[in-house]
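First the structure, in the form of structure tokens, and then the observations on it.
The values are calculated or read from the model by the stated rules, or taken from the named source; none is laboratory data. Not measured: the values here are computed from a predicted model. Here the Cβ positions follow ideal geometry from the backbone for every residue, glycine too, while neighbour counts run over all protein chains shown.
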Amino acid sequence: MSGVKSKIEKLRKELDDHNYRYYVLDDPLISDIEWDVLFRELQTLEEAHPDLITMDSPTQRVGGEPLSSFGNVTHRIPMLSLQNGMNEEEIRAFDERMQKGLETDPIEYAAEPKLDGVAVELVYEKGKFVSGSTRGNGVVGEDITQNLKTIRAIPLKLRKGQKICPTLLEIRGEVFISKKDFGKLNTNQEKAEEHRFANPRNAAAGSLRQLDSGITAKRPLSIYCYQPGVVEGTAFETQADFLNAIQQWGLPVNPEVKVVCGIDEMLKYQLHLETMRDELPYEIDGTVFKVNLLRQQDILGNRSRTPRWAIAGKFKAQQVTTIVEEIIASLGRTGAVTPVAKLKPVVVGGVTVTNATLHNQDEIDRKDIRIGDTVLIQRAGDVIPKIVQVIKEKRPKKTVRYTLPKTCPECNHKVHRPEGEAVARCQNLSCPAQVKRKIQHFVSKNAMDIDGLGEKLVDQLVDAGLVKTIDNLYNLNEDQLADLDRMAEKSAQNIVSAITASKNTDFHRFVFALGIRNVGEHAAKVLGQAFHGDMDSFMSAGFETLETIDEIGPIVAETVVKFWENKQNRSVVTACFSHGISLKKPAETSSGILSGKRFVFTGALETMTRAGAKTAVEKLGGKVSGSVSNNTDFVVAGPGAGSKKNKAEKLGIPILTEKDFKEMIP
Ligand code: IVH
């Protein structure tokens, strides 16, 4: 037995060492395949000796039981954001402020790339990874420990370094997906008929938000750490020391980090990173300069949401020119006819771009975009870029203004553009392309979540005339499905059971699934709360009732009323219910999220009354008291706040603005 135990320990150490070489030192000794062999060997031994499995074994990263929701985590120190320096002047002004505030010159900075990913906090107690969370609103985030554990770059226990291992170590960092992995991920998503991600940041955020950590485990997530939270049992003199120490402890730190001194070196670093931006294997959207000496950071202090001692040096938006080869009209789920420019392929920021949205006819007219034009395009975070302007000097002879067709590109039915609206829509309710998109939306993951009903199958069902409206899905039987091309009997069975299973769902999922224009997931939830999950009262609500609901504006109210004025919509929904759809009522308010939290309000409130704020806190399980003590969890300070705010500062209690507070309450 002891032989097995030492073999297991040796394998774990080897795997940890290889991870360290791969993720931290970027100098692997073995291939991925060799790593997998060692990993399997450990897995087999542990399976035969389950009593020897420990929480920090590399095999324990595969993901645990799916959660029903994430818990909340209050950050011991709020996770701040950064003030932006949009250009050279603003970076210069920042350096001058630092010189003035510290009365020294020149100032030393830690210069870091600003990664475009998702900020997280990792907590290590006595060297063991114990929990991790998202940034959330900076004060309260979500507990995503299970998901973070699946990321191989995050050590489950700290290695030995020169500095003594802290008893408590909180570390902030950015979870991201490299450009290469992002490409592969989207290819796989397409193969599995799942949706493509718009950009690496969305893919990383979506992966961390999975309730089933088994899914997160399959996503190629990575991390670079860059900022301390609470640290107990060790101290650092500078930001560079901190980064050095955590790297020795096994946490990945961006290799481009550098210490620079004075404005000239800052600007040189800014230019250097901007120039090599496309060659870096991950997406960055700027630089971060942090005053290097932690003692000096303390002197400078923080504003409410950003530290005074740091600045984000933004890059210019990425622009290139290319040619509009064609303009096509495409049809959306709600029948909107949208023009899309097909571009001569061009690389912007490491991504090949072939399409640009043109929004609508007005936009085309305003910019006078024509087929054959040379255009300047700009890519911000998203992969679908926009056309900034036409280079008129390069316009070929004999071009004509572009006008969208007056008929639907899919069914040839007339399109109609209502007075005062920018978008033209196909008016044919049974336009097959629209029907397909509506049904695809209805069955999608965040709507009715009907597994196995991919895009191609929906197309087949509509083309075969089996499904014309969503309620028809609930009439389908196995024989009809099995008759379709490339459909096995077993899959037909599975699909029918998935359809049946979807009958029992949440009110908000069903409402979102209906695809009412302007009613997204959030609005559907708000409506669920407001109507206590009662479909009849939702269907008969008038404009005034809807508009008075918090977070529902006149536009949503109007489209909802219009939707229910349409007899076909009503009868489709009624038919769904007669097929046995039954909706779960939402839990009454989101009680409990502030359970046990004590708030103190000081200074003026600008958009709500004290009484209103108190009721909001109490409804969510929290308490409001008049004075600040060690038991206080948050102080909400408005204009005119004085001694209570000072006391909170001394006690290290998070201080919120009214806006922060409103973000905490749903
Ligand atoms: S430090 C105390 N360093 O930028 C300052 N943030 O706008 C807190 N980010 O939420 C952040 N790279 O998601 C810091 N090297 C870096 C960063 C970085 C990316 C993100 C982070 C943060 C946001 C602030």
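General observations
- Enumeration of residues in region 1-34 that are in a helix (DSSP H, G or I), in contact (Cβ under 8 Å) with a residue 24 or more places away in the chain and either touching a Gly at 6+ places or on another chain (Cβ under 9 Å) or of a type in the set (D, E, K, R) (or both): LYS5, LYS7, ARG12, GLU14, ASP16, ASN19, TYR20, TYR23, VAL24
- Any chance VAL561 is at pLDDT below 90, out of contact with any Lys or Arg (no Cβ under 8 Å at 6 or more places or on another chain) and assigned to a helix (DSSP H, G or I): no
- Restricting region 209-218 to residues that are crowded, with 19+ Cβ neighbours inside 10 Å and not small (Gly, Ala, Ser), the residue that is farthest from ARG76 (Cα to Cα): THR216
- Breaking point among (1) over 19 Å from HIS195 (Cα atoms); (2) in contact (Cβ under 8 Å) with a residue 60 or more places away in the chain; (3) exposed (fewer than 14 other Cβ atoms within 10 Å of the Cβ), for PRO409: (3)
- Restricting attention to region 50-70, the residues being over 13 Å from GLN146 (Cα atoms) and buried (at least 18 other Cβ atoms within 10 Å of the Cβ) number 3.
- Close contacts from region 524-544, counting a first residue that is in contact (Cβ under 8 Å) with a residue 60 or more places away in the chain and a second that is assigned to a helix (DSSP H, G or I), with Cβ to Cβ under 8 Å and a gap of 6+ residues or different chains, come to LYS525/HIS508.
- Any chance GLU90 is among the charged types (D, E, K, R) and more than 16 Å from the ligand (Cβ to nearest atom): no
- Test result for THR505, in contact (Cβ under 8 Å) with a residue 12 or more places away in the chain, under 34 Å from the mean Cα position of the chain (by Cα) and not in a loop (DSSP other than H, G, I, E, B): yes
- Strands (runs of 3 or more DSSP E) fully within region 330-443 counting 1 or more residues that are over 25 Å from the mean Cα position of the chain (by Cα) and of a type outside the set (Gly, Ala, Ser): 336-348, 374-379, 386-390, 424-426
- Within region 433-452, being at negative phi, at pLDDT below 90 and in contact with a helix residue (DSSP H, G or I) (Cβ under 7 Å, 6 or more places away or on another chain) holds for ASN446, ASP451.
- Selection from region 236-253 of residues that are in contact with a Pro (Cβ under 9 Å, 6 or more places away or on another chain) and surrounded by fewer than 19 Cβ atoms within 10 Å (Cβ to Cβ): PHE236
- Filtered residues of region 243-277 (kept if in a helix (DSSP H, G or I) and touching a helix residue (DSSP H, G or I) at 6+ places or on another chain (Cβ under 8 Å)): GLN247, GLY262, ILE263, MET266, LEU267, GLN270
- Residue in region 100-114 that is nearest to ASP241 (Cα to Cα), counting only those that are in contact with a strand residue (DSSP E or B) (Cβ under 7 Å, 6 or more places away or on another chain) and aliphatic (A, V, I, L, M): ALA110
- Taken together, the residues in region 633-666 that are over 31 Å from the mean Cα position of the chain (by Cα) and in a loop (DSSP other than H, G, I, E, B) amount to 4.
- Checking each residue in region 98-121 for being within 16 Å of the ligand (Cβ to nearest atom) and more than 18 Å from the chain's Cα centre (by Cα) picks out MET98, TYR109, ALA110, ALA111, GLU112, PRO113.
- One residue stands out among those in region 71-87 that are of a type in the set (A, V, I, L, M) and away from the ligand (no atom under 12 Å from the Cβ): the one that is surrounded by the most Cβ atoms within 10 Å (Cβ to Cβ), which is VAL73.
- With respect to the conditions (1) at pLDDT below 95; (2) within 16 Å of the ligand (Cβ to nearest atom), GLY132 falls short on a single one, namely (1).
- Residue, farthest from GLN162 (Cα to Cα), within region 225-240, restricted to residues that are without any contact (Cβ under 8 Å) to a residue 60 or more places away in the chain and more than 15 Å from the ligand (Cβ to nearest atom): GLU237
Okay, residues lined up against (1) within 31 Å of the chain's Cα centre (by Cα); (2) closer than 26 Å to ARG21 by Cβ:
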residue: THR234; (1), (2): no, yes
residue: ALA245; (1), (2): yes, yes
residue: LYS258; (1), (2): yes, yes
residue: CYS261; (1), (2): no, no
